[in-house]
Amino acid sequence: MYAIELEGVSRVYQKYSARHRFQTFKSAIVRGDFFRSLKADELVTAVDGLSLRVEKGTTFGVIGSNGSGKSTLLKLIAGIAKPTAGTVGVEGKISALIELGAGFHPEISGRENVAINGIMLGLTKREVQRKFDEIVRFAELEEFIDAPVKTYSSGMYMRLGFSIAINVNPDILLVDEVLAVGDAAFVPKCLDRIDDFRRRKKTILFVSHDLATVAKICDRVAWMKGGRIQMIGEPKRVVDAYLQDVAAAQEEDFKARKRAARSEAEKAAGAEETSGEAGTAETEAGGREKRWGKREAEIRKVVLRDARGEEKHVFHPEDGMAVELDVAAREPLTDFVFGIGIFNSLGTLCYGTNTHLEDWEPVSLSGEGKVVCRIDRLNLINGTYYLDVAVHRRDGYPYDYHHNLYSFFVSSTRRDEGIARLPHGWEFSPGIRLKSQEK
Amino acid sequence: MKRLAANLRELHKHRLLIRTLVGRELKARYRGTILGFFWSFLNPLLLMIVYTVVFGLILNPRDLAIGDTAWLYALYMFCGVLPWTWFSSSSLESANVLMINGNLIKKILFPAEVLPVVTVSSNLLNFLFGLPILLFFVPIMGKSFTVYALFLPVVILVQYVFTLGLGLLISALTVHFRDIKDVLSNLMTFWFFSTPIIYSLKMEALQRVPWVKTLLTLNPMTHIVEGYHSCLFYGELIHWKRLGVTFLVSLILFWAGYAVFDRLRDSFPEEV
């Protein structure tokens, strides 16, 4: 039995040009193009020939980047938007957590808003009365329920909205990224309630960017891209495929930025002949990076590679990384140290080391060469990181110091915190039972 | 016609929502005021007092078509202004109602025509709250009630259908043509003077320019306001034929307004 059945559904949005925006009733009458002006200038396809079946009693996740059509899909299922083509079939009562508290009137009290909102969402007057206490208790607003809603904080507003929508007791619950605003205590409560829904074998359609939660609570996941379903199936697999796609896109983005930085550097080099060599080093535009040193020895190029030797900028915590430096010495040197440092976006040094600290005695450096620092496992948490590379004397005198000139991204679905992800495992004595949700 | 019937059934299904929203509208209007709900009575009362002072004591207009005292003129005018206020504020508010409630249309599933219906209905209630003041002043100003006052609900029904038809049309079109709001506020002034509120069709000067009178009779609001005058001021039978035609026109406007609304409905969630 299917709770939701979409058959070749398309939704085309009309996009009106800027000229149309200023179209007025007067000009429409004057120019006599009254009816033509109601037609759109351009069409945007948000959902494109999509077919989808969601079985009754399943929790179904939808992921995808912004603008991939997720919200439109939800609106189509909720009936707020009508499909341009295809059919939408829904079995059972729907409640949509698309925007919480939509329709609250700021001037009147929370109590009256609960009544009105409940009726808007399809409850009868008696049902609202019966569920009123439960709604207020869940929202933790007992003290404020008689105050006008305009005096509520955004958190209170959201809690009340969620509480009403969840108490409508639908057969199908549509959730669109609404848990993002709750505080640390309320979000688990909401998830708990959604869990309760799952246990009662109700159908949930869950749209979220929180991939960890999606992977955890959903039975099946669809990944949307450009208005179509790119992939559908087992959560972990789909989330991974999506992440890989995102990583590839980030990679592209990094390359584009690098190209832009390179052409900029070439321009700078052209303008300043004397420092010609300095300009050849690749740098990324931005404010926090600096480079200093007299360049008796110079780092000409820095490349990040993955374990297979491919140039990359997005890594997983489990990945290895190789920092490859192209070095050139202007004159033969006997006192030199190579070092690297990894900073997170807060500017905290996550790890730093150099050849001197690791007891490599410098012997000689002349001409050109390569230095590679190989990291077996990054073990960093999700985020953007900045890289320092340097060649300097043992006493610290810098030949060439690149501060935060390079960046890379660590992409992870886990929400662990801190600076580094220490390699670890868990063990429990037989009396303590936990179930791994890793699928 | 089939569409209309289906739409009306849908509307009927949402009557609880309409009732609740009308209640909210009325509550929110006077929320935060000291006198609260009494403003519904106080506003028309103050208006009536102003008319009485200005026309009864200062201007002192006298026309046999209306009555032999200036007090009667104040009553006559109040009798027309009250339903006019219902009509004009409904129309002006309808122009905005879809935009103001844009978040509802975008996020919650319910028929959008509920909103203009709520606007016209809550203004109807405000009109009904003012009605006792009018009824109170009728005997004070020296008029007496006749059995024809019982036709008042008929006139109110005609006006409701007419106002709602216009409200549906305006609310739907304003989504695409925002300047209808401004056109409308000017139009309402013009329309006010084209309706026998501050004058009467029976006035002698009007009889000398028959073409003006003909033009005025083409205005549906003329016959609606005349209906109120018949029921409450003159105490005579309403003009069945004229009001009947007006009702027909109102029904056509309602049908046309609903049809336009229906045609543009799908564009609302994107445009408001």
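In nm², what is the average projected area of the convex hull enclosing the Cα atoms of region A:288-410?
7.2
How far, in degrees from 0 to 90, does helix A:235-271 lean away from the longest principal axis of the Cα atoms of chain A, to the nearest 10?
Value to nearest ten degrees: 50.
How crowded by other chains is B:28-37, given as the mean number of beta carbons from other chains within 10 Å of each beta carbon?
Shielding by partners across B:28-37 averages 2.
With n ≥ 4 as the cut-off for DSSP H runs, can you work out [θ] at 222 nm for chain A, using -39500 (n - 2.57) per run divided by the number of residues, rounded to the nearest 500? The partial results should precede the final answer.
Values: 9 runs with 118 residues, N = 439.
Estimated from H runs of four or more residues: -8500 deg cm²/dmol.
As a test question: what accessible area, to the nearest 10 Å², does B:Thr69 have when a 1.4 Å probe is rolled over all protein chains in place?
It works out to around 50 Å².
In a shell of Cβ-Cβ distance under 12 Å around A:Ser411, excluding A:Ser411 itself, what net charge do Lys and Arg (+1) and Asp and Glu (-1) give?
Result for the local shell: -3.
Compute the separation of the alpha-carbon centres of region A:380-439 and region A:148-176 and state it in Å as a whole number.
Answer, in whole Å: 38.
Please give the average number of partner chain Cβ atoms lying within 10 Å of the Cβ of each residue in A:6-14, rounded to a whole number. Let's see the in-between values first.
Values: counts 0, 0, 0, 0, 0, 0, 0, 3, 4.
Shielding by partners across A:6-14 averages 1.
Pull up the cross-link candidates among the aspartates and glutamates for A:Lys225, meaning alpha carbon to alpha carbon under 19 Å and not fewer than 8 places away within one chain.
Here the aspartates and glutamates satisfying the reach criterion relative to A:Lys225 are A:Glu7, A:Asp48, A:Asp176, A:Glu177, A:Asp210, A:Glu234, A:Asp240, A:Asp245, A:Glu251, A:Glu252, A:Asp253.
Only bridges with both residues in the protein assembly as shown count here: give the DSSP antiparallel percent, nearest 5.
Of all bridge pairs located within the protein assembly as shown, approximately 80 percent are antiparallel.
Label B:Leu11 and B:Asp266 with points 7 Å out from Cα along Cα→Cβ: what is the distance between them in nm?
2.2
Please give the per residue volume of the convex hull enclosing the alpha carbon atoms of the protein assembly as shown, rounded to a whole number of Å³.
Convex hull volume per residue, Cα atoms: 251 Å³.
Can you compute the helix-only [θ] at 222 nm over chain B? Use -39500 (n - 2.57) per DSSP H run of at least 4 residues, normalise by all residues, nearest 500 deg cm²/dmol.
Numbers: 13 runs with 195 residues, N = 272.
Dividing the helical sum by the residues of chain B leaves -23500 deg cm²/dmol.
Rounding to the nearest 10 and keeping the result within 0 to 90°, find how far the Cα-based axis of helix A:110-120 lies from the longest principal axis of chain A.
80
Checking the table A:Lys75/A:Lys236; A:Lys131/A:Lys189; A:Lys258/A:Lys301; A:Lys93/A:Lys216; A:Lys255/A:Lys312 against a 20 Å threshold on Cα-Cα, which pairs fail?
Listed pairs above 20 Å: A:Lys75/A:Lys236; A:Lys93/A:Lys216.
So what J values fall out for region A:291-296 if you push phi through Karplus, 6.51 cos²θ - 1.76 cosθ + 1.60 with θ = phi - 60°, rounded to Hz, Gly and Pro as x?
Those phi angles translate into 9, 8, x, 7, 6, 4 Hz.
Once the Cα atoms of helix A:125-139 and of chain A are each reduced to a long axis, what angle between those two axes, in degrees from 0 to 90 to the nearest 10, is obtained?
Helix A:125-139 sits at roughly 30 degrees to that axis.
Express the accessible area of the protein assembly as shown per residue in Å², computed with a 1.4 Å probe while the remaining protein chains stay in the model.
50
For chain B, how many pairs of lysine residues have a Cα-Cα distance under 23 Å, where the two are 8 or more positions apart or belong to different chains?
8
Averaged over its residues, how many other protein chain Cβ atoms are within 10 Å of peptide A:99-112's Cβ atoms?
Working: counts 4, 1, 2, 8, 9, 1, 7, 2, 7, 5, 2, 0, 0, 6.
Neighbouring Cβ atoms belonging to other protein chains average 4 per residue here.
For chain B, would you read off the P(r) tail past 28 Å as a percentage of all alpha carbon pairs? It would help to have the intermediate numbers written out before the result.
Values: 14463 of 36856 pairs.
Roughly 39 percent, once rounded to a whole number.
State the Cα centre-to-centre distance between region B:83-152 and region A:56-91 in whole Å.
What the calculation gives is 39 Å, centre to centre.
Just need the relative contact order of chain A here, percent rounded to a whole number, with Cα pairs under 8 Å and 6+ apart.
Relative contact order for chain A comes out at 13 percent.
The values are calculated or read from the model by the stated rules, or taken from the named source; none is laboratory data. Given the structure is predicted, the values throughout are model-derived calculations rather than measurements. Every residue, glycine among them, receives a Cβ derived from its backbone with ideal geometry; neighbour counts consider all protein chains shown. The accessibility values were calculated without ligands, DNA or RNA, using every heavy atom of the protein model including side chains. Shrake-Rupley method; radii C 1.70, N 1.55, O 1.52, S 1.80 Å.
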